[in-house]
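The next block holds one structure in the form of structure tokens; read it before the comments.
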């Protein structure tokens, strides 16, 4: 298959990164995203070392089964994304659209499940500031009884709430931005905007999408399972 | 969608520019126009920052005296014209904030990374012109948000530009609520502009250098801007994350930095300074780059030790990540950790020293031209040395115990930021003005501005070393409340008067800048007889920059080259090389 | 830099299966009663990193890119490590 000029580094230039501008730009941008999540996740790790007593055990407050399924869904969306990319590399317009649409739907589902999860947690009495006074969880914590297969809940979960909502919230925000961008790419795909010769937009949004999945892989483990 | 050089050639060949005024000058995607937009915005904020400083100095020099025209301030800021302590704290905080984030950073990077990079590497524009435009139009609202924070109830943030928690994290401690949240929001928005811009600069420098413009033929200004962009894109997100956590502590009741439910104030300091230290290198490296270009030009000699200059820039960029704790020696941090920071901080003086010696080596036996940019560049070297030397004292933990949070630190900051970066900027603006506007700034008024600024600047900031060693603390509202400071109050008054004169002198620069735009002597392609690629284009440089992609044959500072009769050899000029043992 | 002919795609579905298996393993490890907490944490982090590496290498195609891009991609990581480890020493040393 002929390799198109636009999917290569700029024509009249010294050798650079060896990839076209948009791809290089996205990797550079992802570098900044790594640092952003480092601040949030790093703060969480540090606070957990500083005040280990402010956290409940895995599964006591957070819903691991539902989130595990949600994690699996996000991983699936990475597969659909990369299949979309593989499709347009072959010039298969139909499958490009199918796989892109699938990615949008799964991504939107992921965000919806997260929103649902937040609502559940708020209902139980777990918010960014910690327990809600008078809520179910606050009462359980006060009573000091063993809860859901583990010891008693911590007296205060201010740090737990702060870090949980901030990390997952910003991840969810990034997924949402990804879904919106993905809709844009999907619409363009339906209009025949990508070809086997030029599908930079698909590759670049794919990189972003996989990155968001990668961050979740880390988050799911250290937020829900530890 | 034009992304290859070939496609841009097509745009450049269209001699009739049919774009509307709005597309050409307001929502422009042309890197040169965006650079000029940043220039106007930043100079305005520089003025704001300066005004805030003068107000602070008034209170420090004449505590309790009514501000001139103080009646115009509301009761919440300065009843009867006498500023309240809370208002003073806001002035301190906002002076630092505006100067660092909205004046110096955009001047060094927003203006010159945008304006110079494509021109000096032989590219038609940035890699992503529309994202470039977005970057400017995101920075503007950030600045407006910061300005409006003065007008809200509770006033503007007042915990210092370093915004230490828990003071900054709760209105209960600082008395400031909305203003504090607006500060955090503004910083996050500005961060997005910085990140997008840096992404553009990095991609452009890596991928769009013209044929022959190898890495080691790039001018030092571009090297410096490139490394700065890498520092920016990695450091700013840390600040964004920290500012968001701070905002959440204020707004959502989280506990990141508030002790009652286990929050860690020290965490704020570590996060802030992990960003903050690379930030100060962001604030100096581009200036060093401009100074290199200008000194080579003014000396009519190649930069001495070009390769070591490049490695020094890289060294500063790299080491800058592991010194942040030196801002925290007095915080109660782990002392062993502190010692490791002392060692790395002392080390980082070395690459800066290498650069200083190389600038001296460049001027040595040069055919010096004392044009305005050269005067400012040489002043940079001298003032930066003073600032750097005070830094060595601060690097040593035992010494820092005495001088931390005193005016010794304030002296250091201003020697490197004003004596360093700002002088470099005066030089750079003057130097590249003709390429931006097609006219020269007045040489005579440039020299008057330089001499007066140099004198008043030193009179303002040098005595601060003395104040600091005498124990004068930072950020205090009324020095006369402390008996041990009373003997030094005369110095405070002296500094205030010098500062007012310094501020007034800047109107000369402002007038020169504005008047020259309309009445300045028209400039040819290469008024400074420089070697860079930007000087092959007309002044002002046209949309698309080059009629065809240039080919580069030479190193960046081929002044006094034996291969040509003139004392400068432009990078894209093809010449027959004469056989000479000294030729490079 | 010559373009890579995509005659054969990487095993995307195979990687997906690996990711699913690793996720299930993680959940098993997290709720396993037998081992000390430290060991569980190390195992979980290792499994998460393995999954992340699979996504980065195969879905983000880093396995097939040149060294320059790979270096660019991993450049931020040492900084992240330095920050977190340095600050942890405030609390555990």
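Computed from the coordinates by the stated procedures, all read-outs in this text should not be read as laboratory data. Computed from a predicted structure; not experimentally measured. For neighbour counting, all protein chains shown are included, and Cβ atoms are generated from backbone atoms with ideal geometry for every residue, glycine included.
Evaluated at q = 0.10, 0.23 Å⁻¹, the base-10 log of the normalised Debye intensity for the stretch A:51-168, with identical point scatterers placed on the Cα atoms, takes the values -0.43, -1.22.
Share of pairwise Cα-Cα distances greater than 36 Å in the protein assembly as shown is 52 percent (whole percent). Here the stretch B:176-324 is treated as a Stokes sphere of Kirkwood radius computed over C-alpha pairs; at 20 °C and 1.002 mPa s its diffusion coefficient rounds to 124 µm²/s.
Legend: mean number of C-beta atoms from other chains within 10 angstrom of residue C-beta atoms, peptide C:26-38, equals 3. Give me the angle, in degrees from 0 to 90, between the Cα long axis of helix A:200-219 and the longest principal axis of the Cα atoms of chain A, rounded to the nearest 10. The answer is roughly 20 degrees. The angle between the Cα long axis of helix B:306-319 and the longest principal axis of the Cα atoms of chain B comes to about 30 degrees, rounded to the nearest 10. Computed extension length for residue B:447-residue B:308: 46.9 nm, one decimal, from 0.36 nm per residue of separation with the Cα-Cα distance subtracted.
What the Cα atoms of the stretch B:319-477 give is an Rg and a Dmax of 18.2, 56 Å.
Here is the P(r) of the stretch B:383-496: all C-alpha pair distances, binned every 5 Å from 0, give 2, 11, 18, 18, 15, 12, 9, 6, 5, 3, 1, 0 in whole percents.
When the chain is fully extended, how far beyond the present Cα-Cα distance does residue B:405 get from residue B:66, taking 0.36 nm per residue of separation? Before the final figure, lay out the partial values.
Details: separation 339, 0.36 × 339 = 122.04 nm, distance 2.70 nm.
This chain segment gains 119.3 nm when fully extended.
Two numbers describe the Cα atoms of the stretch C:33-93: Rg and Dmax, which are 15.6, 45 Å.
Shielding value for C:69-78 is 5, the average number of Cβ atoms from other chains within 10 Å of each residue's Cβ. The alpha carbons of the stretch B:403-560 occupy a box of 70, 34, 30 Å along the principal axes, longest dimension given first. Our estimate of slack between residue B:480 and residue B:548, defined as 0.36 nm per intervening residue step minus the Cα-Cα distance, is 17.9 nm. Would the stretch A:1-103 count as rounded, prolate or oblate if I go by the C-alpha gyration tensor, calling it rounded below 1.5 in a/c and otherwise prolate when a/b exceeds b/c, oblate otherwise? Here the stretch A:1-103 falls in the oblate category. In the stretch B:270-376, the ratio of gyration radius to Kirkwood radius, Rg to Rh, stands at 1.10 when only Cα atoms are counted. Our note on the geometry: Cα centres of the stretch A:144-177 and the stretch B:332-390, 48 Å apart. Highest mean packing first, where packing is the average number of other Cβ atoms within 10 Å per residue, the peptides A:61-72, A:43-54 line up as A:43-54, A:61-72. When the alpha carbon gyration tensor of chain A is reduced to an equivalent ellipsoid, the three semi-axes, largest first, read 42, 19, 12 Å. Sorting the Cα pairs of the stretch A:123-185 by distance into bins of 10 Å, from 0 upward, gives 21, 36, 22, 14, 7, 0 percent per bin.
Simple spin-label estimate for residue B:162 and residue A:190 gives 5.5 nm between the two label positions (7 Å along the Cα-to-Cβ direction from each Cα).
Every helix of 4 or more DSSP H residues in the protein assembly as shown counts as -39500 (n - 2.57), and over all residues that averages to -20500 deg cm²/dmol at 222 nm.
Here the peptides C:68-74, B:253-259, A:190-196, B:55-61 are ranked by packing, the mean other Cβ count within 10 Å, and the order with the highest first is B:253-259, B:55-61, C:68-74, A:190-196. A Förster distance of 22 Å, applied to the separation of the beta-carbon atoms of residue B:25 and residue B:148, puts the FRET efficiency at 0.30.
Sorted by average packing, counted as other Cβ atoms within 10 angstrom per residue and highest first, what order do B:37-43, A:22-28 take? Walk me through the numbers before you get to the answer.
Numbers: B:37-43: 21.0, A:22-28: 23.0.
Ranking, from highest mean packing down: A:22-28, B:37-43.
Normalised by 2.2 N^0.38 Å, where N is the number of residues, the alpha-carbon radius of gyration of chain B equals 0.97.
Modelled label positions at residue C:45 and residue B:521, each set 7 Å beyond Cα in the direction of Cβ, lie 6.6 nm from each other. An ellipsoid equivalent to the stretch A:125-226, defined through the eigenvalues of its Cα gyration tensor, has semi-axes of 43, 13, 9 Å when rounded to whole angstrom and sorted largest first.
Counting only alpha carbon atoms, the long axis of helix B:335-363 and the longest principal axis of chain B meet at about 40°. The spacing between the stretch C:12-67 and the stretch B:68-93, judged by their C-alpha centroids, is 58 Å.
Could you state the number of Å between the C-alpha centres of the stretch B:430-450 and the stretch B:38-52? If you average the Cα positions of each part, the centres end up 19 Å apart. Peptide A:53-60 has a mean shielding of 2, counted as Cβ atoms of other protein chains within 10 Å of each residue's Cβ. Once both labels are positioned 7 Å from their Cα atoms along Cα-to-Cβ, the gap between residue B:18 and residue C:22 label points is 5.4 nm. Over the stretch B:220-294, the Kirkwood radius and the radius of gyration, each from Cα atoms, give a ratio Rg/Rh of 1.19. With 10 Å bins beginning at zero, the pair-distance distribution over Cα atoms of the stretch B:476-584 amounts to 11, 23, 18, 15, 13, 13, 6, 0 %.
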